[in-house]
1. Would you tally the residues in region 254-282 being modelled with pLDDT under 85, polar (S, T, N, Q) and either open to solvent by less than 30 Å² (accessible area, probe 1.4 Å) or touching a Gly at 6+ places or on another chain (Cβ under 7 Å) (or both)?
2. Within region 101-111, does at least one residue satisfy the condition of being at pLDDT 90 or above, surrounded by 21 or more Cβ atoms within 10 Å (Cβ to Cβ) and small (G, A, S)?
3. Output the residues belonging to region 224-253 that are modelled with pLDDT of 70 or more, open to solvent by 70 Å² or more (accessible area, probe 1.4 Å) and either among the β-branched types (V, I, T) or at positive phi (or both).
4. Restricting to region 44-57, give me the number of residues that are in contact with a Leu (Cβ under 9 Å, 6 or more places away or on another chain), among the polar types (S, T, N, Q) and part of a helix (DSSP H, G or I).
5. Take region 81-100 and flag every residue that is hydrophobic (A, V, I, L, M, F, W, C) and under 11 Å from A119 (Cβ atoms).
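The values are calculated or read from the model by the stated rules, or taken from the named source; none is laboratory data. Here the structure is a predicted model, which is why all the values come from computation and not from measurement. All Cβ positions, even for glycine, are placed from backbone atoms using ideal geometry, and neighbour counts span all protein chains on display. Remember, those area values only see protein heavy atoms, side chains included, never the ligands or the DNA or RNA. Shrake-Rupley method; radii C 1.70, N 1.55, O 1.52, S 1.80 Å.
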Amino acid sequence: MHIKTKARRMDIPLGIILATKNTLNKKDFLDGRSDEQRLRRNIIISVTGPKCSGKTTAADKLNQLLIEAGYAAITSRASKDSLEVYKGCRENLVNQQEQYKEIKWYDVVNAIRAESASALERKVIPSLKEDEHKIAILTRYCLPDTLVKQTLLGAPIQAVAQYLRGIKTLKEEPQSGYIKPNIVLVFFCNGAEARNRLILRHKKEMRGEVTQSIDEYFSQKIDEEIDAYKKLSGYNETLFDNTIPFITKSTKKLQAYPGEIYFINTATNLDYINTSTEDITRELEKREREIASAIYKNIIIPRIEFIRIKR
């Protein structure tokens, strides 16, 4: 009764609140094996970071590199591969929370988890079952992104992590919209450059009227998100290793932020004001190729070789 009442009060379909229940049964996914055994079979890569940091492009390029090299790989974005009803609910609640501050954080997190669970059930898990050994590159799946944003909005971090994983949530033990990653890639650039990239994107799409609404607050928000990502994952700039271009490995592991954590710095020295759109686009594409190659050679391939040796 409690769940039905909440669904009516929030104007959320009952199916969305219960969406993760019985959809990602652990035995079905793991085939009765332990987490450790599963992680020897597949490599799960979580790609995360603020807007306009190059996440989606990098995920696509990494996927392409892996496939060209003969590896079984897929890429998935939660909002793209979930059912539209879950995406719409998540967008509605997130927007209300950010604009009006009236929505409870756990209702937002439930909607985010439901969207992720839908995408996992529809695309990721069936694909992982096709091959004994597969590499899944997951963009905008819920743990890192949601921890950062809900923490900035004042939600308790450990409670958010618990809801995302589906542990005793709503007293029903619903399944999680989350797969524990082996590798977490946090992409970032400074807020000013992220703003310039967003304006560039709007120019290329002929959306000048939208460009006018991108104010300086956007840059500030991005910088705040970057700081939160770093704090949550033990980032330490004094330990930056220049031997691997663009990449810094975190030296700290937190329970709420699992996996090997790498920070990918996509910042450039481009002059977005006095350089043509074509030249900036060309330089960004070159930078994106270099970054994808560095991640492929220095992070993913060593992990693949490690698993082979371990087997």
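1. 0
2. No, region 101-111 contains no residue that is at pLDDT 90 or above, surrounded by 21 or more Cβ atoms within 10 Å (Cβ to Cβ) and small (G, A, S).
3. Matches in region 224-253: T251 only.
4. If we filter region 44-57 for residues that are in contact with a Leu (Cβ under 9 Å, 6 or more places away or on another chain), which is where we start, we get 44-49, 51-52, 54-55, 57.
Those still in the list that are among the polar types (S, T, N, Q) too: 46, 48, 57.
Applying the additional criterion that residues be part of a helix (DSSP H, G or I) yields 57.
Residues in region 44-57 being in contact with a Leu (Cβ under 9 Å, 6 or more places away or on another chain), among the polar types (S, T, N, Q) and part of a helix (DSSP H, G or I): 1 in total.
5. Taking region 81-100 as the starting set, the residues that turn out to be hydrophobic (A, V, I, L, M, F, W, C) are 83, 85, 89, 93-94.
Matches in region 81-100: L83 only.
Yes or no, residue by residue, for (1) part of a loop (DSSP other than H, G, I, E, B); (2) open to solvent by less than 40 Å² (accessible area, probe 1.4 Å); (3) modelled with pLDDT under 80; (4) under 30 Å from K297 (Cβ atoms):
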{"residue": "G32", "(1), (2), (3), (4)": "yes, no, yes, no"}
{"residue": "R40", "(1), (2), (3), (4)": "no, no, yes, yes"}
{"residue": "A59", "(1), (2), (3), (4)": "no, yes, no, yes"}
{"residue": "E98", "(1), (2), (3), (4)": "no, no, no, no"}
